[in-house]
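Below is one structure; the comments refer to it alone.
Each reported figure results from applying straightforward, stated rules to the coordinates on display, with no laboratory input. This structure is a prediction, so every number in the text was calculated from the model and none was measured. FYI the Cβ positions are ideal-geometry reconstructions off the backbone, even for glycines, and counts take in every protein chain you see.
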Amino acid sequence: GIIPTSPLKHSVGFTIRTISLYHKLFVRCPRLGVQPFAKAMCDVEGVAFKPYLSAQLYDALDVYLAILRGVRKRTRQTLGRGGREWRILNACPACQYQLQDDPKLAVRMIVTMDGNDSLKRVERKVDVLQEKEENGVEIGPRSRERIDRRVAGEDYFLSRAETDAWNESNWQGMEALCSTTSSEHTWVESQCEERWHNMQEKNTVKSSAKFFENGWFVLLCRHMTLLLACDMIKSGERAQYPLAILHTFMSAQKNEHIRLGQDTPNGQLATVYDIACKTSKTVARSPLAALARWSLFLPVVGAMHGYAHERTCQLLFLMLYVVGVGLEDGEGCERYFNVSNALAPVTRYQSAFHRRQSIEEFIYYKDLETYSNVSKFIYSNYKQALGIIRSRNILRNSMVAAGITSADVFYSWLVEEGEYLQNLAQVPPKETLEMEYFIRLASLRTCQDRLQQARSTWLAYEPEKDTGTTRRKISVAEAAHRNEQENERKLIADVQALEQKLEISVRWVPGCEAWEQAKRMVKEAEYRKALDKLEQLLVSRIFEMSRLNIAGTGYKMRKMIANSLKTRSKSIQAAISSYNAAAAALRPPRRAISWDEVVDYSFLSEFDILRDTREDVRQKKWATPSNRLLMFQFFKLIRAEEELDRLHMEIKRLLTYIRDEERFLCSKASELEATDPTSGTLKSCRLRGDYPPNTRT
């Protein structure tokens with residue numbers, strides 16, 4: 001057949017075979033735009049390329065894709081699978097095809113979500129040189145995009161109204177989504193979210209002036225099947241996007257449970273997000289809190305992003321320590337974006353409809369490819385889990401050599417480390433005041449020394465020997481004398497106020513016990529400050545640092561990254577020098593660290609245990625490098641055993657789904673052919689083309 005390029009007067013058309021060829025090439029190589037394909041076809045036919053051919057090919061492609069969407073929709077309706085909610089609940093057979101004899105797992109499903117700014121779209125505006133004012137306020141150039149009421153991607157994307165409803169300014173108008181219960185989540189406070197800047201608007205304010213869609217936010221299952229997505233409109237990665245997606249997904253699950261007459265879900269919903277610690281607090285204070293409790297919402301942080309969080313946060317959210325998540329690394333979104341980023345050159349300057357249409361086609365065929373790779377995913381994870389479990393005897397022998405008699409020791413070490421870090425973050429107020437008092441006293445003594453020196457200079461002045469130069473020096477000395485007198489009065493007032501607050505009756509002097517103790521605390525504070533500075537600088541390089549220790553990174557790659565960091569990070573080396581100087585000033589002095597040691601640290605988790613200067617934490621059993629390695633290997637082994645349990649369930653689900661789906665499609669095809677032989681034959685062929693379970697996995 002031929003698809004014309006205009007609705008009424010048909011002077012030019014493209015064969016369906018040609019349009020289908022481009023479509024298949026595009027979904028396999030999203031970087032391929034319409035214009036390069038049109039030029040290639042002109043080269044094949046031996047004709048000169050004309051720019052209008054690209055526009056005509058685009059029009060024909062729109063018609064072709066509209067036909068495909070219509071056929072897919074009618075096919076789903078024929079199967080009784082219409083609507084977005086059905087697709088959300090049945091997107092991945094291994095995750096969602098529940099069986100009667102499914103084992104009860106601590107985590108029923110693992111999903112991962114994240115935002116990506118590669119699929120931006122430039123907003124067409126009038127000439128930016130035209131400056132206008134309204135009521136005395138300068139306004140930016142207005143949009144000149146043509147109104148296009150066509151909609152694409154409805155099965156995958158939330159609408160703008162659905163996401164805007166979850167903006168915090170609209171929370172007060174929302175009712176509770178479920179009745180609250182006596183069971184309340186208590187989210188432990190953490191400061192590590194301050195290290196993440198993806199939710200700060202100041203980082204996207206410039207791009208939002210140029211782009212309309214600043215990217216997209218996705219929700220995937222652990223096998224990388226896309227469940228839901230939404231566009232980030234003129235903003236960064238706001239909290240409203242994960243909230244809107246979680247609400248839609250959890251509501252669909254709740255509606256399904258109500259329809260089946262079931263109560264609460266069987267197991268928790270582990271949701272992986274790079275800032276799960278921040279999002280967990282947002283969910284807890286939002287209207288989504290009650291629905292999250294019903295869904296047994298379990299926020300966790302993935303392997304790559306998790307090691308950039310502070311150690312206290314890792315003990316709460318890192319997947320290595322979360323029961324029931326298995327060996328899942330939670331970084332499926334990063335791998336998904338690695339593929340979807342190829343769409344960026346094509347979608348950057350498209351209209352809103354064409355951008356969404358291109359993404360929809362990519363998602364559709366990517367999900368088909370993901371389904372065909374589920375068996376490979378299961379096989380790879382099964383092989384990895386067995387490899388870890390085979391090291392059980394090696395771990396047992398290492399535990400015996402370390403004097404560890406029971407696995408319960410590792411759990412007690414986690415609790416002890418968590419309590420230690422919590423106490424470490426709490427500085428006694430009295431110590432803070434005593435350090436401030438010492439600093440003021442030291443400043444007062446220094447000021448009084450300078451004041452005495454200025455007085456000596458003034459007293460030594462002899463007018464009879466006055467010269468122009470001497471007179472200028474005396475003027476400077478008199479000014480310095482007046483300034484020091486003023487500083488002395490201020491410092492004395494501060495010292496007296498602190499003495500009253502600390503109830504000090506006798507002022508400290510150098511050499512007394514209180515003076516020496518406060519002096520030591522000040523040096524310890526300088527040590528911690530130097531450590532904080534070093535850690536802050538390393539966080540900015542954390543993703544490169546993480547590659548040095550992630551399994552699968554080869555020796556040459558690790559050395560290349562380390563050398564690159566060392567060359568470019570002069571500030572880090574300066575911070576290491578400052579840290580070593582502060583560590584040497586302690587009594588007893590702390591051990592100096594080198595660049596190579598910093599690179600070998602376990603993703604910043606070691607920095608938290610270096611903070612305590614009241615006692616040598618390295619003497620604690622859980623803080624020794626050998627025991628920390630054993631603890632890591634133990635929890636890796638536990639997660640491998642959980643992974644096997646989940647894989648056994650997924651294998652049964654996948655095989656059962658393939659069998660049931662084949663029977664269902666054959667039965668449906670026979671039913672259609674019997675009721676309407678002409679259209680039934682076409683529909684049955686379409687069913688076998690869209691849902692061939694045995695040939696796709």
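Taking label positions 7 Å along the Cα-Cβ direction at both Lys73 and Glu369, the computed distance is 2.7 nm, reported to one decimal. Determine the shape class of segment 1-78: with a ≥ b ≥ c the square roots of the Cα gyration tensor eigenvalues, call it rounded for a/c under 1.5, and otherwise prolate if a/b is greater than b/c, oblate otherwise. Oblate. One decimal place: the segment Val122-Val506 gains 131.2 nm when fully extended, by the rule 0.36 nm per residue minus the C-alpha distance.
The distance separating the Cα centre of segment 208-250 from that of segment 355-385 comes to 19 Å. Cross-link check: pairs Lys523/Lys570; Lys24/Lys383; Lys570/Lys620; Lys24/Lys254 evaluated at a Cα-Cα cut-off of 31 Å; pairs beyond the cut-off: Lys24/Lys383; Lys570/Lys620; Lys24/Lys254.
A simple spin-label model places the labels of Arg285 and Lys24 5.5 nm from each other, with each point 7 Å out along Cα-to-Cβ. Centre-to-centre, using Cα atoms only, segment 9-81 and segment 281-351 are separated by 36 Å. Pairs with C-alpha atoms separated by more than 20 Å, drawn from the list Lys104/Lys278; Lys529/Lys621; Lys120/Lys210; Lys73/Lys366, are Lys104/Lys278; Lys529/Lys621.
Using the Cβ-Cβ distance between Glu45 and Ile439 with R0 set to 51 Å, the FRET efficiency works out to roughly 0.05. Taking 7 Å steps out from each Cα toward its Cβ at Glu662 and Phe632 produces label points 4.5 nm apart.
Estimated at 0.36 nm per residue, the fully extended path between Gln452 and Asn170 surpasses their Cα-Cα distance by 95.0 nm. Applying 1/(1 + (r/R0)^6) with R0 = 41 Å to the Cβ-Cβ distance of Thr264 and Arg149 gives a FRET efficiency near 0.45. By the count of neighbouring beta-carbon atoms within 10 Å, fewest first, Glu369, Glu650 end up ordered Glu369, Glu650.
Using the Cβ-Cβ distance between Thr624 and Leu99 with R0 set to 45 Å, the FRET efficiency from 1/(1 + (r/R0)^6) comes to roughly 0.45. Remark: the Ile394-Glu416 segment gains 5.4 nm on full extension, using 0.36 nm per residue and subtracting the alpha carbon distance.
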